[in-house]
1. Among (1) under 21 Å from the mean Cα position of the chain (by Cα); (2) in a strand (DSSP E or B), which single condition is residue 271 missing?
2. Test of understanding: among 262, 290, which residue is modelled with pLDDT of 90 or more and in contact with a helix residue (DSSP H, G or I) (Cβ under 6 Å, 6 or more places away or on another chain)?
3. Out of (1) at positive phi; (2) crowded, with 16+ Cβ neighbours inside 10 Å, the odd one out for residue 340 is which?
4. Going through the stretch 345-371 one residue at a time, which ones are surrounded by fewer than 12 Cβ atoms within 10 Å (Cβ to Cβ) and modelled with pLDDT under 90?
5. Among the residues of the stretch 399-420, are any at pLDDT 90 or above, crowded, with 17+ Cβ neighbours inside 10 Å, in the same structural domain as residue 210 (by TED's automatic domain parsing) and part of a helix (DSSP H, G or I)?
6. Can you give me the number of residues within the stretch 421-455 that are modelled with pLDDT of 85 or more and touching a helix residue (DSSP H, G or I) at 6+ places or on another chain (Cβ under 8 Å)?
7. Does the stretch 126-151 hold any residues that are surrounded by fewer than 19 Cβ atoms within 10 Å (Cβ to Cβ) and not in a helix (DSSP H, G or I), and which are they?
8. Quick check, is residue 325 within 21 Å of the chain's Cα centre (by Cα), surrounded by 13 or more Cβ atoms within 10 Å (Cβ to Cβ) and either in contact (Cβ under 8 Å) with a residue 60 or more places away in the chain or not assigned by TED's automatic domain parsing to the domain that holds residue 280 (or both)?
């Protein structure tokens, strides 16, 4: 993995109350921190006059399974013979083991031969050739084993290619000694993805993201809690960065608390209850996973996925019905006063009143779902909607699922849930059959590593298996906990 940053603008401001006193710097550090009062503000934006995506990351992401019992096939299948490593007289399990493939990649990294992959000016043909030269064994094994179940594959490449990013982030909050720390972070990004996939062909995607994180700590960390949420939208694109079809909607929410009260658990259960359509099969199975008693060191995570079907449901809905549904949803929501909606009257700043705000969101939803509108305009409408917290926090998660026809809902959406605490071993469950695309899984993991985010990241395409059984457990993805991505 290599990253080239062609320009980022950063600004930082802060107020430190203690240091306004003359001579305070000579005091012991522990004493200074005891009376320290800070208010920090940080902002960062990638920027370049000549490039919309100033941050470029080149990635080769392989997964090796050592001591795998799968044997190399006697003959190389059609389509994989162009990857046969030079210098190997015959193809056998010893010559092309995952161990030897790993050693080859590691040796070429150490010798600097992979540097061509990370050249910002490398064209696609050379990028593909460089992967094959420097990871020839891994490429051959991955191609040969492509038709096998995931748990039998000796080598998988989750992602090869590059990601070009335009990123914005903002964080601020006060700190009063160790008695109070409150930090709020907001961010958004647009990532253009060039992915080298099967058949050594390049496919192109654009990923929109908006994220929010709140952290609080009281009394020397005796009470700590975090709330983190993330919304992604993935589009198919082309080499010229033109927007084409919509692929995936994914919403993630994570709660973490040193002492999660019954009141907060009830709020989480209510949020989940509003997010699952009333007639959705097995909805109570997830609701029952939310603990009913106070939990120590608790962590609860939700992952919502919606397919492109939601766009068709929006488009075919009568416009008057859509407006009334949106208006009723916002005006009658139990957390209406937490949304920060504008008042019925114009604000002092001359901003929109509540009616105008609802109208504006409605027109953006109409534009997003109108197949007669250009793909770029629909994309821009979604980008504006995702910048609105009411949409990303409430409308997407609670209103959108209710718009999908009940007879197809189970195939067009899914909700996965994970719960653990000091007294609860990790419990996970999922309802619904929708799965997001494999390229999204790979991009999500890599982006999270680059951004050092802490959201729950799972490789959905990978599977676990009991080696004594022939049963493939597709519902148990590789766990990334312990990799600082929880």
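1. (2) is the only condition that residue 271 fails.
2. Checking each option against the conditions leaves just 290.
3. (2)
4. Answer for the stretch 345-371, where residues must be surrounded by fewer than 12 Cβ atoms within 10 Å (Cβ to Cβ) and modelled with pLDDT under 90: 345, 347, 348, 349, 350, 351, 371.
5. Checking the stretch 399-420: at least one residue is at pLDDT 90 or above, crowded, with 17+ Cβ neighbours inside 10 Å, in the same structural domain as residue 210 (by TED's automatic domain parsing) and part of a helix (DSSP H, G or I).
6. Looking only at that region, the number is 5.
7. 146, 147, 148, 149
8. no
The values are calculated or read from the model by the stated rules, or taken from the named source; none is laboratory data. Note that this is a predicted model, so its numbers are computed, not measured. Reconstructed Cβ throughout: ideal geometry from the backbone, glycine too, with neighbour counts over all protein chains shown.
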